[in-house]
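Asker: My questions will all concern the structure given below.
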Amino acid sequence: MPIILLFVQDPSITEVSLSLPADVWIYLIIYSLVAGSAAHILYYAGVRKVPASTAGIILLLEPLSAAILAALFLAQAITLNVLAGGALILAANYLVVRKPKSKK
């Protein structure tokens, strides 16, 4: 059960179809533009404060967090493929982050 259904009683509200009224499409387009712009503005503001290598490592976790949020909010199933992909992403992040042993 998606978490959104805890707050919305009518599941037809969460549906998107071409038969929606024009004002709903306008609001959807405005929301998309504002959300996309905000994401880019916040990303560039963050890159000014965090080193690019650290920001790149954090961005590698995006697919993993997207899968978790999709499972929580949209009731998307977490399959074996998703778990395997998440494990590979975490392993790759570990390999990038770990400090190499210094040679003496």
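Asker: Which ranges mark the helices (runs of 4 or more DSSP H) fully within region 16-93 that have 3 or more residues being exposed (fewer than 10 other Cβ atoms within 10 Å of the Cβ)?
Answerer: Hits in region 16-93: 22-49.
Asker: Quick check, is residue 8 of a type in the set (A, V, I, L, M, F, W, C) and modelled with pLDDT of 85 or more?
Answerer: Answer is no for this residue.
The values are calculated or read from the model by the stated rules, or taken from the named source; none is laboratory data. These numbers were taken from a predicted model, which means no experiment stands behind them. Heads up, the Cβs are rebuilt from the backbone with ideal geometry, glycines too, and the neighbour counts pull from every protein chain shown.
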